[in-house]
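Have a look at the structure below before the remarks.
What follows draws every value from the coordinates through simple rules; no lab data is involved. These numbers come from a predicted model, not from an experiment. Note that each Cβ is placed from the backbone with ideal geometry, even for glycine, and that neighbours are counted across all protein chains shown.
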């Protein structure tokens, strides 16, 4: 994995200026508790419910509320229920948020979701989208989501 430009100076300063690789840096800076937490984000649990694929801890009330809105489709409901704002994996106002990190993570989430969904639901092909906002400096709006291709017909 390429190191985002916004991290290169910090990582290069390690080891008396000789630098350090990303995996070693993670081993020094990280904690097992964080690794467990990130595991739940980077390998999420999904379930099938009422023909949808949803996060394991979804809210049925929220699902039914989205379904009841005029003009919604199964695709739009599934897409909303499954979206993740990349910035939300950290706290609001986290000082090291940057476009290069958000782009790297968004593309990584897209790949992870593709692999996870194909593995867990091989008979239910999904479309995974990494949404990049028109205003690319609006880091809060970058998000990843997915829906089943069978819902694309608008039913």
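One table, with the values for the structure above:
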{"quantity": "Mean ellipticity per residue at 222 nm, deg cm²/dmol - from DSSP H runs of n ≥ 4 across the chain, formula -39500 (n - 2.57)", "calculated": "-13000 deg cm²/dmol"}
{"quantity": "Value of relative contact order over the chain, rounded to a whole percent, pairs C-alpha under 8 Å and six or more apart", "calculated": "24 percent"}
{"quantity": "Spin-label model distance (nm) - residue 15 vs residue 59, 7 Å beyond Cα toward Cβ", "calculated": "4.7 nm"}
{"quantity": "Residue with peak Gaussian network fluctuation, the chain [Cα springs, cutoff 10 Å], from 140, 132, 28", "calculated": "28"}
{"quantity": "Rel. contact order, % - alpha carbon contacts under 8 angstrom, at least six apart, the range 1-87", "calculated": "15 percent"}
{"quantity": "0 to 90° range, to nearest 10: angle between helix 99-120 axis and the chain longest Cα axis", "calculated": "50 degrees"}
{"quantity": "Gaussian network model of the chain, Cα within-10 Å springs - most flexible of 129, 111, 29", "calculated": "29"}
{"quantity": "Normalised alpha carbon radius of gyration of the range 44-151 [divisor 2.2 N^0.38 Å]", "calculated": "1.11"}
{"quantity": "Rounded FRET efficiency, nearest 0.05, which uses the C-beta distance separating residue 91 from residue 28 and R0 of 35 Å", "calculated": "0.95"}
{"quantity": "Principal-axis tilt of helix 32-42 within the chain, Cα atoms, nearest 10 degrees", "calculated": "40 degrees"}
